[in-house]
Amino acid sequence: MNRLSAQTQMIVAGVIIVVIAVAGLFLGILPVFDKTRQMDARISALDGQIMTENAVVASRQSAKAQAAQTEVDLIKIANQVPESPELPSLIINLQDTANQAGLVFAQITPQTPAAVLGADGQPLGYSSIQIEVKVEGQWADIIQYVRTLSKYTRGIRVKSVALNGVDATETQERYVGAKLVLEVYTMSVINVNKPAVPSVPATPAADAQPSQ
């Protein structure tokens, strides 16, 4: 009986130990696991927020870069097609370029600015100016001159080039005369639809009579 009682006591003690272990598991370890799962969930949420914020920052940086590039492009266009014709400075540049190429800048003739029209005959919002330039020199120098014009900051289109060889004389070596037809553009709009309005004198004529 005593031996059975001892076994019973051992069984009871084992059960108590298991119960204590299970209670410890539920009361100690499982809350830690639950907190870990909660932390994992918070970390995942924070990772998602970080990714979203990184995407927003990247988008803003891209928009800023595009805005900066757009501003650079606008400045470039403004230099190529300025608001006003700026013909005096352009003429000086054309003459300096000819002199640097070893050419004689013989003549320049700007034409009257004209509005650029669309297919419907309406102005497109900018104007063109045709310029005739005559230079004299050697063939290779003229080719170099034309190439240099294409590198101008101001947009220039070479419409045509007419060459004429001039024979040598006692005082002059043989040279080539070139007539270049250039075209430049300006954002100044010329109204071609409205007729010109005659100017009105600021003061009436001496023999003018007052109205009745």
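Since every read-out is calculated from the coordinates, none of them should be taken as a lab result. Predicted model, so just to flag it, every value in this text is computed and none were measured. Glycine gets a Cβ as well: all are built from the backbone with ideal geometry, and neighbour counts include every protein chain shown.
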At 0.36 nm per residue, and after removing the present C-alpha to C-alpha distance, how many nm does the segment from Arg157 to Ala114 gain when stretched out fully?
14.0 nm
What distance in nm separates the simple spin-label points at Asp47 and Gln138, each placed 7 Å from Cα in the Cβ direction?
7.3 nm
Between Ala55 and Arg37, what is the label-point separation in nm under the 7 Å Cα-to-beta-carbon projection?
2.8 nm
Using amide H atoms built 1.01 Å from N in the peptide plane, name the residues 5+ places from Gly155, or on other chains, whose amide H lies under 5 Å from its own.
Gln80, Val81
When Thr169, Thr186 are arranged by how many other beta-carbons sit within 10 Å of their Cβ, fewest first, they go Thr169, Thr186
I'm checking a number: the convex hull volume of the Cα atoms of region 87-186, normalised per residue, in Å³. What is it?
105 Å³
